[in-house]
Amino acid sequence: MKVGVIGGGVGGLAAGYEFAKAGHTVELFERAPFLGGLASTFDVGGGRLERFYHHLFLSDVTIIGLLDELGLKDRLIWEDSKVGYFTHGRIYPFATATDLLRFNPVSFIDRIRMGLVTLYIQRIKNWKRLEDTTAAAFMRKWAGRRNYEEIWEPLLRGKFGRYAEQIAMPWMWSKFATRVASRKSLLGREQLGYIEGSWQVLIDALEQRITEMGSEVRTGVGVSRIETTDNHVTGLTIADSDGTEEKRDYDAVLATVPSFLLPRLVDLPEDYLSKVSTIDYEGAIAVIWVMNRSLSPIYWLNIADADIPFLLALEQTNLVPPSVYGGKHILYTADYVTPDDHRWGLSDDELIESYVEHLRKINPEFDLSWVERTYVHREGAAQPIMTTHFSDKIPPNKTPVDGLWLAAMSQIYPEDRGTNYSIRQGQDVARAMMAEAD
Ligand SMILES: Cc1cc2nc3c(=O)[nH]c(=O)nc-3n(C[C@H](O)[C@H](O)[C@H](O)COP(=O)(O)OP(=O)(O)OC[C@H]3O[C@@H](n4cnc5c(N)ncnc54)[C@H](O)[C@@H]3O)c2cc1C
């Protein structure tokens with residue numbers, strides 16, 4: 001079989017590798033000049049760094065298995081997570097059950113209640129029974145108003161903005177499940193993993209294996225049209241960066257693009273079209289600060305202060321040593337943003353300037369002289385919005401167009417999207433496509 005794969009993120013690359021291993025011919029097209037999509041990296045101080053922060057949980061078994069298969073398992077490093085919560089002008093450690101018990105912005109009774117709710121959620125096995133509940137309604141009811149307003153509402157608002165009240169409870173349930181599975185013991189600290197050398201190590205290995213097996217991976221080449229005849233895929237029209245178009249023939253096509261982009265590439269029957277068109281995505285904006293000092297000892301600092309315009313201050317060099325980046329300390333300040341957010345209209349300099357005063361709230365000693373360089377990364381399709389009864393809204397991977405399959409982040413549920421799940425989905429869909437072709 002000759003397969004065209006659209007998109008060179010980890011999902012497309014994992015699928016391409018499956019096809020190539022099974023002896024099929026793959027041509028993979030990535031419109032960006034680099035591979036990796038949301039997990040792509042760039043050079044900082046001689047090391048590679050993800051455009052958007054990335055780590056793994058112990059439960060990310062598919063990506064761990066793939067790294068093993070590629071001979072890269074010894075590149076995985078695991079560290080105790082250092083999680084904090086910034087509220088009322090100070091940082092609260094938020095990594096263990098003891099931290100929760102010491103979290104005094106809520107009363108002791110509320111802390112106990114929060115602990116019990118956490119245990120209750122962890123005991124729920126069948127997430128399907130949560131499908132008609134929103135995370136906001138569930139937490140208000142079970143954790144109580146004060147816990148909701150102090151902890152969950154700022155996190156939901158920060159992550160989902162105007163969608164905060166609509167997010168389905170299974171999404172939050174899966175967050176708990178992932179994090180619990182990433183602890184070595186019930187009361188122990190969560191372990192977070194990183195790939196020594198960055199996600200680029202995995203991306204490079206997949207590209208190399210695919211090409212070694214005689215298939216092709218092309219960057220800077222976008223797909224402008226999926227060609228069909230009588231509702232059957234026949235090929236792709238590709239366009240390079242100067243707009244030169246070319247038609248290529250394929251027996252089957254796998255699209256790994258955000259689902260709302262699929263209708264721009266191919267005509268779809270009404271049912272399927274309405275599914276792919278109605279799932280909203282949020283974007284993400286990350287400012288990366290390359291500094292000569294550390295801002296805080298925390299790796300993942302949730303920001304629960306509505307006046308601070310970012311949801312997260314993540315200090316990469318509290319997970320990975322600064323020596324990886326030429327001795328520099330790396331901080332991401334990141335936020336998820338809806339398409340109407342005013343920050344899309346700000347220049348990089350305006351954005352950075354508007355964030356500076358807020359870093360001083362986290363560490364009053366922070367000074368611009370600490371900052372040696374900044375980078376801004378923006379992505380329009382970073383997080384699908386999962387509303388109630390979401391599993392009924394997900395378009396099937398096999399589209400109604402014969403030979404055309406879709407493996408997008410919005411089809412991953414109830415888990416929150418992540419490289420582990422894009423890889424799992426890419427592998428599963430590639431196997432299903434091959435099974436159908438047999
Ligand atoms: C802020 C942020 C933090 C994250 N943190 C983590 C984390 O800690 N751990 C983790 O595991 N995951 C994390 N993720 C999620 C992870 O990055 C994604 O789940 C994963 O990378 C998605 O891979 P994908 O291949 O499914 O999609 P994508 O990476 O979106 O790849 C799709 C590719 O298709 C390309 N494309 C689109 N249209 C066309 C076209 N017409 N022609 C050719 N190419 C096209 C795009 O350029 C893109 O490269 C994070 C994501 C974000 C945004």
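The values are calculated or read from the model by the stated rules, or taken from the named source; none is laboratory data. Please read all numbers here as calculations on a predicted model, not as lab measurements. Heads up, the Cβs are rebuilt from the backbone with ideal geometry, glycines too, and the neighbour counts pull from every protein chain shown. Only protein heavy atoms, including side chains, enter the accessible area calculation; ligands, DNA and RNA are left aside. Shrake-Rupley method; radii C 1.70, N 1.55, O 1.52, S 1.80 Å.
Report yes if some residue within segment 321-337 is within 15 Å of the ligand (Cβ to nearest atom), open to solvent by 10 Å² or more (accessible area, probe 1.4 Å) and closer than 28 Å to H88 by Cβ; otherwise report no.
yes
Helices (runs of 4 or more DSSP H) wholly in segment 42-148 with at least 2 residues that are under 20 Å from A306 (Cβ atoms) - which ones?
135-142
Taking interchain pairs and intrachain pairs at least six residues apart, which have beta carbon atoms under 6 angstrom, with the first residue in segment 17-40 and farther than 19 Å from R248 by Cβ and the second more than 11 Å from the ligand (Cβ to nearest atom) and of a type in the set (S, T, N, Q)?
Taking only residues 6 or more apart or on different chains, the pairs are E18/Q427.
Check A177, A239 and return the single one that is farther than 22 Å from G426 by Cα, at pLDDT below 95 and either open to solvent by less than 30 Å² (accessible area, probe 1.4 Å) or assigned to a helix (DSSP H, G or I) (or both).
The conditions single out A177.
All but one of (1) over 30 Å from R225 (Cβ atoms); (2) within 16 Å of the ligand (Cβ to nearest atom) hold for F29; state the number of the condition that does not hold.
Going through the list (1) over 30 Å from R225 (Cβ atoms); (2) within 16 Å of the ligand (Cβ to nearest atom), F29 breaks only (1).
Yes or no: V10 more than 7 Å from the ligand (Cβ to nearest atom), buried (at least 24 other Cβ atoms within 10 Å of the Cβ), in contact (Cβ under 8 Å) with a residue 40 or more places away in the chain and closer than 30 Å to G380 by Cβ?
Answer is no for this residue.
Residues checked against (1) without any contact (Cβ under 8 Å) to a residue 60 or more places away in the chain; (2) out of contact with any Ser or Thr (no Cβ under 6 Å at 6 or more places or on another chain); (3) crowded, with 21+ Cβ neighbours inside 10 Å; (4) not in a loop (DSSP other than H, G, I, E, B):
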position	(1), (2), (3), (4)
L202	no, yes, yes, yes
L206	no, yes, yes, yes
I210	no, yes, yes, yes
K247	yes, no, no, yes
L261	no, yes, no, yes
I285	no, yes, yes, yes
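So which residues in segment 217-236 are outside any strand (DSSP E or B) and not acidic (D, E)?
So the first thing to find is which residues in segment 217-236 are outside any strand (DSSP E or B), and the list is 220, 230-231.
If the condition is that a residue be outside any strand (DSSP E or B) and not acidic (D, E), then G220, N231 are the ones that fit.
Looking at segment 152-160, can you tell me whether even one residue there is open to solvent by less than 30 Å² (accessible area, probe 1.4 Å), in a strand (DSSP E or B), within 14 Å of the ligand (Cβ to nearest atom) and in contact with a strand residue (DSSP E or B) (Cβ under 7 Å, 6 or more places away or on another chain)?
No, segment 152-160 contains no residue that is open to solvent by less than 30 Å² (accessible area, probe 1.4 Å), in a strand (DSSP E or B), within 14 Å of the ligand (Cβ to nearest atom) and in contact with a strand residue (DSSP E or B) (Cβ under 7 Å, 6 or more places away or on another chain).
For residues that are without any contact (Cβ under 8 Å) to a residue 60 or more places away in the chain and near the ligand (Cβ under 9 Å from one of its atoms), scanning just segment 402-438, find the one that is farthest from G283 (Cα to Cα).
I412
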